[in-house]
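What follows is a short report on a single structure.
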Amino acid sequence: MSETTQGFIRARSPENRELRRQSILDAAEQLLDKAQVADITLRDIGRQAGIATSNVLRYFENREAVFLELLNREYGAWLDALPAELAPADDGTGPTTPVCGFADAYAASLAARPVLCELASVLASVLERTVSVETVRAFKRQALANNDRLADIIHARMPGLHRAAAKELASATIVLIAGLWPLAHPGPTVVAAVEDPALLAAHVDFPARYSRMIELLTASLRGPATR
């Protein structure tokens, strides 16, 4: 017989436990469509999932652990879609993929995934700060696998970029998001301040600025002979 607590049915089988975990991640993702990480509590996640906070803690050690797992899920979904969103690799019958075209497509693909970008922007400063060593280790293992997979995609889509260089570019992905995403999505005080016409240069267009940084990095890593 299933054990219940205040209407909560505890998942017994591994399959049902995984379904419950995914439903909690779905709830966190839905909240991130409307708010930033800093504004979402564990209670909010439980309420969105239709369960008590104490029952969320049966599956995740804290709020940050929920968001860490959601980040890996979002990153994996991005990698699933990315090859089709980038220009095809050169097959020997036409010109190689232009660096600027690659950078624009890469930036647009990320900009279309605000949940991924929001989570990546607070990875080091918030999400990894209050979870257990084992949770961090599990996250890092998956993150390293994701980085290798991203490097393979970049290498296939950017002829002339060696595998080691593609891996370096892949590693810069989160770092660039962490720097640019908060600047492009500031709080209300900054939004009001930069309405001053004299401060137009302070506006940060995330896809445009991200694309330019990827373009510069890619061109540098390819070397002068292959730009």
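Subtracting the Cα-Cα distance of residue 205 and residue 164 from 0.36 nm times their residue separation leaves 11.8 nm of extension gain. The 3J(HN,Hα) values that the Karplus relation (6.51, -1.76, 1.60; θ = phi - 60°) gives for region 99-104 are, in residue order, 4, 5, x, 4, 5, 4 Hz. Gly and Pro appear as x.
Can you give me the Cα centroid spacing of region 157-172 and region 100-121 in angstrom? The distance from the Cα centre of region 157-172 to that of region 100-121 comes to 17 Å. Annotation: extensible slack from residue 140 through residue 19 equals 41.3 nm (criterion: 0.36 nm per residue apart, minus Cα-Cα distance). Value of Rg to Rh for the chain, rounded to two decimals, is 1.04; Kirkwood radius and Rg both from alpha-carbon coordinates. For a test of the definition: using alpha carbon positions, the gyration tensor, and the 1.5 limit on a/c, classify region 106-175 as rounded, prolate or oblate. It is oblate, given that a/c is not under 1.5 and a/b is not larger than b/c. With both labels modelled 7 Å from their Cα along Cα-to-Cβ, the residue 216 to residue 62 distance reads 3.6 nm. Take residue 132: with every protein chain present and a 1.4 Å probe, its accessible area is about 50 Å². The stretch between residue 36 and residue 172 holds 46.7 nm of extra length on full extension. This uses 0.36 nm per residue minus the Cα-Cα distance. Of the listed residues 117, 100, the order by accessible area with a 1.4 Å probe, largest first, is 100, 117. Solvent exposure of residue 196, expressed as accessible area, is near 70 Å², computed with a probe of 1.4 Å over the protein chains only.
Classify region 115-220 as rounded, prolate or oblate from the Cα gyration tensor: take a ≥ b ≥ c as the square roots of its eigenvalues, call it rounded if a/c is under 1.5, otherwise prolate when a/b beats b/c and oblate if not.
Details: a/c = 3.73, a/b = 1.28, b/c = 2.90.
Oblate.
Per residue, the chain exposes an accessible area of 53 Å² to a 1.4 Å probe, with every protein chain left in place.
About its Cα centre, the chain has a charge dipole of approximately 600 debye under the convention of +1 per Lys or Arg Cβ and -1 per Asp or Glu Cβ, with nothing else charged. Here the Karplus curve 6.51 cos²θ - 1.76 cosθ + 1.60, taken at θ = phi - 60°, turns the phi angles of region 36-44 into couplings of 8, 3, 4, 9, 10, 9, 4, 4, 4 Hz, with x standing for Gly and Pro.
Round to a whole number: what % of the accessible area of the chain belongs to carbon and sulfur, probe 1.4 Å? Don't jump to the answer; show the numbers that get you there.
Values: 6790 of 11930 Å².
C and S atoms contribute 57 percent here.
The values are calculated or read from the model by the stated rules, or taken from the named source; none is laboratory data. These numbers come from a predicted model, not from an experiment. Cβ coordinates were reconstructed from backbone atoms using ideal geometry, including for glycine residues, and neighbour counts include every protein chain displayed. Accessible surface areas use protein heavy atoms only, side chains included; no ligands, DNA or RNA. Shrake-Rupley method; radii C 1.70, N 1.55, O 1.52, S 1.80 Å.
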